[in-house]
Amino acid sequence: MKLLDKKVAIVTGAGSGIGRSIALLYAAEGAKVVVSDISEKGGNETVALIKEKQGEALFVKTDTSKAADHETLVQQAVQQFGGLHIAVNNAGIGGPLSFTGEYPIDGWDKVIGINLSGVFYGLRYQIPAILQSGGGSIVNIASILGKAGTKGSPAYVAAKHGVVGLTEAAALEYADKKIRINSIGPGYIVTPLITNSLDEATRQALVGLHPMGRLGQPEEVAELALWLNSDKASFVTGSYYNVDGGYLAQ
């Protein structure tokens, strides 16, 4: 039997990068996947890739900074597939680069809105639906910067630290209610967030921060997310797992 056979899963930010890799892997492992993204093009491409391999998927356009969009997303999942068992709150942005004393207020609001409030809104509507379905599991994608700081990204660092804390709080609340909630802290991963916004010299500098001497691949994060959202991790909740090539061990 496949690891996620007959499960219904929501994956936010699934139109590219880590989210797409998770959606594809979950579908390959038997899940019916609700693909969520702000990009219709990317989201529909992910659905097409799943269906090419005879998987089941639905695209729902979602602005994860809006609570109402999360409510609609969960409703669509339940209406289309009959319930909800799994969620991955992955959608996120990097935001502006500037020191705290000069950081743009609108940039702060946007990063916190998507990277932290967006995870809370996801939990807020996913948890009741998962309870109705008899229990399940949620993975929140944080970052290595959910456990460490860096210069020039105060909003991102604050949001990702918040995701780790929110995960722990929610995990304790639902530990005896058949819902497990964990977070993952990727290092720098080869995604459009990296390849489209950074020049080659900056990318090479990031490589040098990882003891393994390379950046991570989205599929490497997806494999951990799969394990955490499967019954193989049945005694794991409230945890933070880094996938970072040794970054946090330094």
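A short reminder: the numbers here are calculations on the coordinates, not readings from a lab. Only a predicted model underlies this, so the values are computations on that prediction, with no experimental measurement involved. Here Cβ is always computed from backbone atoms with ideal geometry, including for glycine, and neighbour counts include all displayed protein chains.
Here is how the numbers come out for the structure above:
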item	result
Residue within the stretch 15-23 that is crowded, with 24+ Cβ neighbours inside 10 Å, in contact with a strand residue (DSSP E or B) (Cβ under 8 Å, 6 or more places away or on another chain), small (Gly, Ala, Ser) and outside any loop (DSSP other than H, G, I, E, B) present	yes
Gly107 being without any contact (Cβ under 8 Å) to a residue 60 or more places away in the chain and either more than 23 Å from Ser21 (Cα to Cα) or assigned to a helix (DSSP H, G or I) (or both)	yes
Residue within the stretch 192-200 that is polar (S, T, N, Q), closer than 25 Å to Ala28 by Cα and touching a residue at least 12 places away in the same chain (Cβ under 8 Å) present	no
Tally of residues being under 23 Å from Gly15 (Cα atoms), touching a strand residue (DSSP E or B) at 6+ places or on another chain (Cβ under 7 Å) and crowded, with 20+ Cβ neighbours inside 10 Å across the stretch 222-243	5
